[in-house]
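Please read the structure below before turning to the comments.
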Amino acid sequence: MDSDNTQQELFDDFQDGKRPFKRPRGLLARPTYVSVPIERLIFIGIGVVMALVMAHAVGVERGKTMARDESKRLGAERPIQMKARQYTVCVGRFTSLEEAAKVEKGLKTKYKDCVVRKLQ
């Protein structure tokens, strides 16, 4: 083709020689790399695990305190005990089984697994 009719000088692809690389502008101007030593990453990981363990321990203690307060409100005579993955809470002394069954019925609305049993 004739160079007079195509106007190749208007297009970068037709120019001779190497074109300079054009960097993108804005947010993608330069990639940012963060260099962190492996020791620091290990310490950060240990710190995160310790923070999670502490948060869990605080939650467990808070739950125990709430259960203790709830048992006091219900008139518990003994502290809460854990036996064989079950919590034993003494709610009160009853003279008859019917009286204890009434309290059990009220407690079953909140605690579905509660049972009345005789203590030795």
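All of the numbers you see were taken from the coordinates with simple rules; none came from a lab. Note that the structure is a prediction, hence the values are computed from the model and not measured. In this analysis, Cβ positions are derived from the backbone assuming ideal geometry, glycine residues included, and neighbour counts consider all displayed protein chains.
If packing is taken as the mean number of other Cβ atoms within 10 Å per residue, what is the order of 62-73, 36-47, highest first?
In descending order of packing, they fall as 62-73, 36-47.
Run through the stretch 86-120 and list the chymotrypsin sites (Phe, Trp or Tyr not before Pro) located in a DSSP loop whose Cβ has at most 11 other Cβ atoms within 10 Å.
none
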